[in-house]
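Asks: Below is a structure I'd like to ask you about.
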Amino acid sequence: MTPFRRAFAIILPVAAASMALGTLVGTGCGSDDPGGDGQDASAQNAEALFRQIEPSLVNRCGAKDGVCHIKGVYNGAPKWLAEPDSYASIKAFRGILPVTKDPDDSTLLSQAAHDGPSLDATPDLKAKVREWIAAEVGAQKLPATKPFTVVLGANAIDLKDVDPALAGTTLELVAARDGSVLTLSGMKILAGPTTNVTIESPFFVQIPKVGRVKVDPKNAGFEGKLEVPAGTRKELFGGGLVLLNVAGDTQLKLVLQAFSTTPGKAPNRECTALDLFRSSAVPAFRTFIDTIPDPQLDAASFPDGGTPPAACVSCHMGGEDSPDSGVTPTEVVATQAMDLRALDSDEKAACAQARQWIDFANRENSLLITNPQGKGNTQHPLKGVPSNHPVVEGIRKWVAAEQP
C-alpha cells in the first residue's frame, strides 16, 4: 500500500507558497483552482452578473477604505477583491469558483461570520452571488455523492447518488479519529453485480456544519483511473488518506473527475462450502470472547474496569438500538459492514454476506480472520485472540474451503 496522503484542513495565510493558503479571517480562502477566462457568451453573462453585485461585495467585504479584502491591510485579509479589477481577482482566487463546479462548495458562500460578516447575514446578496458563481462554473457539476457522515469503524457508501448507473456500487472504508485527525484506511470500491465501473481521479470534499467547505483534490484525493469489474473489489489507489483538523460534525462527499460503466457479470457470490459454514464458521461467530471495554458504555456495568464478552453475532446480527442524537450504535455500524441478520432465517444468504469478506488472493489476510486476532480493523471492538483460537480456526476452516 502506498503511504497515506495528507490533506491539510487548516488553510494558513497566503505567502506565495505552492500550497493553497488563506486566513480564518478571509472569506473564500480555500484550496481550489481558479475558474476559466470567460471567452464565450455565457462567460460574458457571468461577468455582467458579477458587475451587478460588485458594489455590494466591495462595500461589505472590502470594508471602509478597502482595508479588508481589497487592500488586505486588516489582519492580512486575503485580497480577493484586489484592484485594479476585482472581477479578475475574485475569479483567480482559489476556492471561490470550486473545481467541483458545485456553487455550494464555494468558500465565498460557505464562509462563516469572522471579523467581518458572512453572506448569510444578507440572504438576497448571497442568492445573487450564488447565481453568479453558477454562471461561472456552468450547469454540469462533477459527479459526486451526497454529503455523508463518517462513523468510526467500517463504512459502506452506496454511489447511487453519483448516478443511478452506479447503484449497488459502494465505497468501503474504515475510519479512525485521533482528536481532529481523521484517518481513512482500507478504502475499496465494490462494483455492483451487473456493472463494470471505471472512476477517474476521486477526491473527498469536507463539509463542516459551520464554516468553509474544503476542496483539495491534490491532497485529499488520488490521480488516475481505476477499473473495477462487476461484483469485485479493488483498493482505491493507495487505500488510505489522512485528513487533518476535521471537526467532529464534518461530513464528507466523494467527487469524481469522471466515471463510466459497462454491462458486466459478477463472479460467483453463492457459498460453495455452505455445510462448513454451518458446522464451522457459525459456531465460531457465536462464540463469546473478550472485547475492548468502552469507558462511556461499560463503566456502569463494569466499574472495576472488567471486560464485557461478546460474539461476532452480538453486533453483526444487529441490535435493537438505532442511531439517535448523531450516535451510531456498534450494532448498526457492524451490519453496514458484514450483515448476518439473516443467520437464523436464511443461512445461505448470511453465508453469501460473510463470503464477501474473503480475500481469495490471500485468505489469511481476510478481515474475517484478521479482525478476531486484533490485526485488521483498528476500530474493531474484539480483543485479539491467538491464531489457533477456536474462533479463528473455525472461520479459517470455512474460508479455506470456499471457492472463488
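Asks: The range 91-184: D in µm²/s via Stokes-Einstein (Kirkwood Rh, Cα pairs, 25 °C, 0.890 mPa s)?
Replies: My calculation gives 155 µm²/s for D.
Asks: So for the pair Arg341, Ala266, with labels modelled 7 Å out along Cα→Cβ, what separation do we get in nm?
Replies: In this crude label model, Arg341 to Ala266 measures out at 1.7 nm.
Asks: Skipping prolines and chain starts, which residues have an amide H placed within reach, meaning under 5 Å, of the one on Ile289, given they are 5 or more residues away or on another chain?
Replies: Amide H to amide H, under 5 Å and 5 or more residues apart or across chains, Ile289 pairs with Ala310, Ala311.
Asks: Please enumerate, by chain and number, the lysines with C-alpha under 17 Å from the C-alpha of Lys146, excluding those fewer than 8 residues away in the same chain.
Replies: List returned: Lys101, Lys160, Lys209, Lys214, Lys253.
Asks: Now for a different question. Using a 7 Å offset from the Cα along the Cα-to-Cβ direction at both Lys71 and Lys146, what is the distance between the two label points in nm, to one decimal?
Replies: Rounded to a tenth, the inter-label distance reads 4.8 nm.
Asks: How about Lys348: which lysines have a C-alpha closer than 21 Å to its C-alpha, ignoring those fewer than 8 places off in the same chain?
Replies: Reachable lysines: Lys265, Lys397.
Asks: Would you mind computing, in nm to one decimal, how far apart the modelled labels at Arg363 and Lys225 are, each placed 7 Å from Cα along Cα→Cβ?
Replies: 3.6 nm
Asks: Going down the list Lys71/Lys141; Lys64/Lys91; Lys79/Lys128, which pairs span over 31 Å between their C-alpha atoms?
Replies: Lys71/Lys141
Asks: Please sort by residue number the GluC sites (Glu not before Pro) in the range 219-260 whose DSSP state is loop and whose Cβ has at most 12 other Cβ atoms within 10 Å.
Replies: Here the GluC sites (Glu not before Pro) that fit, given the DSSP loop and packing criteria, are Glu223.
Asks: Output ³J(HN,Hα) for the range 45-56: one whole-Hz value per residue in order, computed from phi by the Karplus curve 6.51 cos²θ - 1.76 cosθ + 1.60 with θ = phi - 60°, and x for Gly and Pro.
Replies: With coefficients 6.51, -1.76 and 1.60, one gets 5, 4, 4, 4, 5, 5, 4, 5, 9, 3, x, 5 Hz.
Asks: Taking amide H positions as placed in the peptide plane 1.01 Å from N, state which residues far from Gly374 in sequence (5 or more) or on other chains have amide H under 5 Å from it.
Replies: Counting only residues 5 or more places away or on other chains, the set is Val385.
Asks: Tell me, how many Å apart are the Cα centres for the range 120-167 and for the range 195-230?
Replies: 13 Å
Asks: Evaluate the relative contact order of the range 153-263 (contact order divided by residue number), counting alpha-carbon pairs under 8 angstrom at least 6 apart; express in whole percent.
Replies: Result for the range 153-263 is 31 percent.
Asks: Which of the trypsin sites (Lys or Arg not before Pro) across the range 117-211 are loop residues per DSSP, with 14 or fewer other Cβ within 10 Å?
Replies: Those that pass, being in a loop and sparsely packed, are Lys209.
Only the coordinates and a few stated rules stand behind these numbers; no lab work does. The shown structure was predicted, so the numbers you read here are calculated from the model rather than taken from an experiment. So basically every Cβ, Gly included, is an ideal-geometry build from the backbone, and we count neighbours across all protein chains shown.
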